[in-house]
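Q: Questions regarding the structure given below will be posed in turn.
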Amino acid sequence: MELKIRDQKAVAIQPDMIGLFFEDINYAADGGLYAEMIENRSFEFLEAFGDTDNYFIKEDGLYGWRPYPAAGACEMQVVMGSPLSKENPHYLRFVAKEKNAGFVNKAYDGIFLKKDAEYKVTFFARTRYFNGNLSVRIEKDGTCYAGADVSTELSVCETYNYWKKFEVKLRAVDSVKGADFVITLSEPGMVEFDFISMMPADAVAGVFRKDIFEIVKDMHPGFIRFPGGCIVEGNTLENRYRFKDTLHEPWNRKNNWNRWAVHENSKENGFHSKYSHYNQTLGLGFYEYFLLCEMVGAKPLPVLNVGFACQYMSTEQVAIDSPEFQEFLQDALDLMEFANGSTDTYWGAVRAKMGHPEPFHLTMMGIGNEQWQTERADFFERYQIFEKTIHKADPSMKLIGSAGPDITSERYTAAWDFYRKHQDEEGFAYALDEHYYVKPEWLLAHTHFYDDYDRKIKVFAGEYAAHPLSGMNRPDANTLEGALSEAAFLTGVERNADVVVLASYAPLFARVGYAQWSPDMIWFDAETAYGSPSYYVQKMYASNMGSETLTVPMEELLEAEKNNIFYSLSKADDGTIIVKIVNENDREEKVSLSLPEDRKDATYSGSVLTGELTAHNSVEAPDKVRPVEISGKAAEGVTLPARSFTVLRLN
């Protein structure tokens with residue numbers, strides 16, 4: 001096969017085109033990117049039940065905690081009365097009946113320690129009838145892997161109602177997995193506890209789990225959309241994501257139950273899933289999301305609730321003419337002020353107090369998540385109200401509209417009809433958010449999906465992924481087959497960069513054994529984090545986006561696709577020509593590179609992702625499928641391995 005490269009510009013490419021979509025699904029925040037190791041640290045966890053329009057919760061403040069060494073040695077009660085935090089009013093009242101009695105935390109699958117690593121334990125305690133010491137330890141099978149004694153007479157600070165804050169440093173004497181977090185009392189007595197936290201000392205910015213953060217950073221995402229997803233709306237409006245609840249000290253951030261705690265509830269399981277205790281501590285909040293964007297060099301793209309609960313799971317909504325709806329509008333304005341306002345504004349001062357006096361340079365906002373119009377749900381009218389309100393405050397803000405939950409139904413058609421009626425209104429909508437979770441065959445068959453789109457309103461491919469397999473807890477669903485089809489589809493996305501200005505795979509994260517949805521881009525357990533084949537496709541794109549596409553005649557593209565070869569060409573500002581090419585065949589293909597005369601002596605460097613179609617990574621084999629580096633002389637062509645995605649940079 002000959003690939004003819006013409007040094008002729010086609011369309012400009014947005015430099016931040018390939019990004020990330022973060023949603024707190026699959027324990028992506030607590031138990032994931034947020035480095036907190038303790039589960040239910042403030043004794044506020046809720047257990048969720050129910051189904052569409054019929055949800056309820058029960059308090060289960062002792063979830064994740066148990067007596068040590070046995071129930072008879074102590075009494076444990078979750079109580080209220082004189083709290084550390086009015087947002088989280090419950091706390092543990094612990095009575096030791098004998099020496100060295102205490103309590104243990106579940107900590108997901110148990111604590112993982114790395115030899116010689118340091119960890120920071122923070123907790124609040126109030127002694128009632130106790131004069132001894134406390135012991136904080138990490139144990140497994142009777143062996144202590146890290147520990148320290150704490151005098152109750154010494155503390156970092158004390159509140160008006162006598163809660164004392166303690167900070168303890170632990171160093172692991174050896175590595176261990178699945179260990180217990182234990183606090184014991186040196187003698188009988190009563191002590192009250194709240195906000196018991198354990199963080200690795202190497203947590204990035206004291207917030208982000210280091211290995212997961214590095215994987216995200218290494219992708220070089222152009223933007224991050226947050227905090228969801230259906231999380232934005234909630235299964236009820238009461239449990240929607242309220243960004244202002246996250247702008248406090250961690251122990252003052254109000255605990256919430258997670259929308260995914262009721263995923264796949266049914267009559268057969270009593271409307272009670274295995275993830276019924278999936279909660280949100282909000283330790284990873286809007287300040288941290290903005291900080292994450294800044295630290296990895298990505299533009300922030302927060303998504304706003306327009307007064308609907310999740311339309312899949314609820315019919316709850318506030319009326320447009322109600323005072324409650326005004327609260328949603330005010331939240332949009334206050335978020336803009338928090339992100340961009342000077343320190344002499346109310347919310348700008350809040351940002352500064354949290355540690356960031358400089359603005360976060362917010363330029364884009366999503367209006368609604370996966371919303372659609374119905375006879376009852378007046379989304380289009382809500383969008384217009386939000387648009388006018390936001391642009392009155394900041395005419396330059398780029399707004400992302402919703403094309404609905406799919407790209408095949410009347411909901412999608414109605415959305416585009418609505419936005420096109422307003423396409424001549426300056427700034428009305430920067431882009432429409434399109435979502436599609438499909439079989440690999442669909443992506444391969446639709447590499448020209450955006451060829452005929454109108455160019456006036458842009459597209460945000462906000463949630464997409466190939467699904468060779470799907471379901472709960474399926475790391476094996478992230479196959480090379482799916483990744484190659486995504487790479488092929490993205491050649492068409494890149495060629496249509498004058499239409500598709502933003503694109504992000506979804507979901508981003510999944511904790512092994514805690515995943516409600518598969519496949520996912522990055523998987524992890526307590527010890528290991530790894531990128532899937534789909535992650536490497538995204539990384540290879542994000543790290544190799546030129547500033548403009550190069551012209552390729554349609555007949556040449558179609559001829560290559562007849563032979564299961566998909567490709568796109570782009571050019572970087574420094575003149576480097578970038579070739580992205582997918583070989584879907586089960587045999588290798590030799591490709592000759594026909595270059596302009598002034599590049600006949602060009603060399604190339606690049607990377608290749610290849611393997612068996614069913615190949616996938618795992619915690620046991622995290623690097624089974626990953627790119628390998630290649631280089632050569634362009635005049636000699638390049639050999640594409642069977643079932644491969646190749647990126648070449650020609651200099």
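We did not get these values from a lab; they are worked out from the coordinates using the rules stated. Since the model is a prediction, treat every value here as computed from it, not as a measurement. Note that each Cβ is placed from the backbone with ideal geometry, even for glycine, and that neighbours are counted across all protein chains shown.
Q: With unit charges on the beta carbon (Lys/Arg positive, Asp/Glu negative), name the residue among Gly142, Phe103, Leu46 whose Cα is farthest towards the positive pole of the charge dipole of region 46-200.
A: Checked the options; the winner is Gly142.
Q: Would you give the gap between the C-alpha center of region 588-648 and the C-alpha center of region 23-97, rounded to a whole Å?
A: 50 Å
Q: What does the charge dipole of region 161-220 about its Cα centre add up to, to the nearest 20 debye, if the Cβ of each Lys and Arg holds +1 and the Cβ of each Asp and Glu holds -1?
A: Numbers: 8 positive and 10 negative charges, 32 e Å.
Roughly 160 debye, rounded to the nearest 20.
Q: Defining a contact as two alpha carbons under 8 Å apart and six or more residues distant in sequence, what relative contact order in percent does the chain show? Intermediate values should be presented prior to the final figure.
A: Values: 1624 pairs, mean separation 101.1, N = 651.
Taking the mean separation of contacting Cα pairs over the length of the chain, I get 16 percent.
Q: Still on this structure, I have one more. From the backbone phi of region 203-220, what are the Karplus-calculated ³J(HN,Hα) couplings (6.51 cos²θ - 1.76 cosθ + 1.60, θ = phi - 60°) in whole Hz, Gly and Pro given as x?
A: 4, 5, 6, x, 10, 9, 4, 4, 5, 5, 4, 5, 5, 5, 4, 5, 6, 6
Q: Right, here's the next one. What net charge do the residues around Leu84 carry, taking every other residue with its C-beta under 12 Å from that of Leu84, with Lys and Arg at +1 and Asp and Glu at -1?
A: Values: positive: Arg41, Lys86, Arg126, Lys164, Lys165; negative: Glu44, Glu87, Glu158, Glu192, Asp194, Glu249.
Its environment carries a net charge of -1.
Q: Whole-Hz Karplus ³J(HN,Hα) for region 345-361, in order, using 6.51 cos²θ - 1.76 cosθ + 1.60 and θ = phi - 60°, x for Gly and Pro?
A: Per-residue couplings from phi come out as 8, 4, 7, x, 5, 4, 4, 4, 5, 6, x, 9, x, 6, x, 8, 6 Hz.
Q: Another question, then. Using only the alpha carbons of region 216-365, determine the length spanned along each of the three principal axes and report them from longest to shortest in whole angstroms.
A: Its Cα atoms span 53, 44, 30 Å along the three principal axes.
Q: Non-local amide H neighbours of Tyr436 (under 5 Å, H modeled in plane, Pro and chain starts lacking H): which ones?
A: Result for Tyr436 returns Glu463, Tyr464, Ala465.
Q: Can you tell me the relative contact order of region 46-200? Whole percent, Cα pairs under 8 Å, sequence separation 6 or more.
A: Numbers: 370 pairs, mean separation 47.3, N = 155.
It rounds to 31 percent for region 46-200.
Q: Magnitude of the Cβ-charge dipole of region 46-200, K/R +1 and D/E -1, about the Cα centre, nearest 20 debye?
A: 400 debye
Q: What's the angle, to the nearest 10 degrees (0 to 90), between helix 533-542's Cα axis and the longest principal axis of the chain?
A: 60 degrees
Q: Using the structure shown, select from Lys58/Lys244; Lys86/Lys114; Lys86/Lys299; Lys392/Lys458 the pairs with a Cα to Cα distance greater than 28 angstrom.
A: Numbers: Lys58/Lys244 24 Å; Lys86/Lys114 36 Å; Lys86/Lys299 34 Å; Lys392/Lys458 22 Å.
Flagged as over cut-off: Lys86/Lys114; Lys86/Lys299.
Q: Mind checking which of Ala510, Tyr34, Gly546 is farthest towards the positive end of the chain's charge dipole, using Cβ charges of +1 (Lys, Arg) and -1 (Asp, Glu) about the Cα centre?
A: The Cα lying farthest towards the positive end belongs to Tyr34.
Q: Tally Lys and Arg at +1 and Asp and Glu at -1 over the other residues with C-beta under 12 Å from the C-beta of Cys74: what net charge comes out?
A: Values: positive: Arg66, Arg93, Lys97, Lys99; negative: Glu75, Glu98.
So the environment of Cys74 carries a net charge of +2.
Q: For the chain, what does -39500 (n - 2.57) per DSSP helix run (n ≥ 4), summed and divided by total residues, give at 222 nm, in deg cm²/dmol to the nearest 500?
A: Working: 10 runs with 115 residues, N = 651.
So the helix-based figure for the chain works out to -5500 deg cm²/dmol.
Q: While we're on this one: Going toward the positive end of the dipole of the chain, with +1 on Lys and Arg Cβ and -1 on Asp and Glu Cβ, which of Ala403, His356, Thr389 do you reach last?
A: His356
Q: For Lys600 and Ile320 in one chain, what is 0.36 nm times their gap in residues minus the Cα-Cα distance, to one decimal in nm?
A: Working: separation 280, 0.36 × 280 = 100.80 nm, distance 6.37 nm.
Answer, rounded to one decimal: 94.4 nm.
Q: Moving to a separate point now. Calculate one ³J(HN,Hα) per residue across region 493-498 by plugging θ = phi - 60° into the Karplus curve 6.51 cos²θ - 1.76 cosθ + 1.60, and present them in order as whole Hz with x for glycine and proline.
A: Along region 493-498, the couplings run 4, 5, 4, 9, 5, 7 Hz.
Q: Here's a follow-up. Placing unit charges on C-beta atoms (Lys and Arg positive, Asp and Glu negative, everything else neutral), compute the dipole magnitude of the chain about its Cα centre in debye, rounded to 20.
A: Working: 66 positive and 98 negative charges, 273 e Å.
My answer is approximately 1320 debye.
Q: Which of the GluC sites (Glu not before Pro) found in region 46-147 are loop residues per DSSP with 15 or fewer other Cβ atoms within 10 Å of their Cβ? Could you put the intermediate results ahead of the total?
A: Numbers: sites: Glu47, Glu59, Glu75, Glu87, Glu98, Glu118, Glu139; in loops: Glu87, Glu98.
Sparse-neighbourhood loop GluC sites (Glu not before Pro): Glu98.
Q: Run the simple label-point estimate for Thr551 and Ala635 please: 7 Å along Cα→C-beta, distance reported in nm.
A: Distance between label points: 2.7 nm.
Q: Collect residues whose amide H, placed 1.01 Å from N in the peptide plane, falls under 5 Å from the amide H of Gly637; neighbours closer than 5 in sequence don't count.
A: Under 5 Å from the amide H of Gly637 lie the amide H atoms of Leu593, each far enough along the sequence or on another chain.
Q: Provide Rg and Dmax in Å for the chain, with only Cα atoms included in the calculation.
A: For the chain, the Cα radius of gyration and maximum Cα-Cα distance read 26.5, 87 Å.
Q: I want the antiparallel fraction of DSSP beta bridges within region 204-342, as a percent rounded to 5. Walk me through the numbers before you get to the answer.
A: Numbers: 4 of 8 bridges.
Here the share of antiparallel DSSP bridges comes out near 50 percent.
Q: If you line up the long axis of helix 286-296 against the longest principal axis of the chain, both from Cα atoms, how many degrees apart are they, to the nearest 10?
A: Between the helix axis and the principal axis of the chain, the angle is about 50 degrees.
Q: Sequence-distant or interchain residues sharing an amide H contact under 5 Å with Lys4, placed H: which?
A: Those qualifying (amide H under 5 Å, at least 5 residues apart or on another chain) are Ser594.
Q: Right, here's the next one. Helix 410-421 sits at what angle to the longest principal axis of the chain, using alpha carbons and giving 0 to 90 degrees rounded to 10?
A: 70 degrees
Q: Still on this model: For a test of the definition: using alpha carbon positions, the gyration tensor, and the 1.5 limit on a/c, classify region 46-200 as rounded, prolate or oblate. Numbers along the way, then the final one.
A: Working: a/c = 1.57, a/b = 1.17, b/c = 1.34.
Here region 46-200 falls in the oblate category.
Q: Turning to a different aspect of this structure: Normalised by the number of residues in region 137-208, what is the relative contact order in percent for Cα pairs under 8 Å and 6+ residues apart? Mind dumping the intermediate values first?
A: Working: 56 pairs, mean separation 21.8, N = 72.
That works out to 30 percent.
Q: What's the FRET efficiency of Thr343 with Val11 using the Cβ-Cβ distance as r and R₀ = 56 Å, to the nearest 0.05? Walk me through the intermediate numbers first.
A: Numbers: r = 41 Å, r/R0 = 0.72.
E(calc), rounded to 0.05, equals 0.85.
Q: Using 0.36 nm times the number of residues separating Lys120 and Asn252, minus their current alpha carbon distance, what extension gain do you get? Each step should come with its number before you reach the end.
A: On the way: separation 132, 0.36 × 132 = 47.52 nm, distance 1.92 nm.
That pair, Lys120 and Asn252, stretches by 45.6 nm at full extension.
Q: Within a 10 angstrom radius of the beta carbon, how do Val628, Val104 rank from fewest other beta carbons to most? Intermediate values should be presented prior to the final figure.
A: Working: Val628 10, Val104 20.
Lowest to highest Cβ neighbour count: Val628, Val104.
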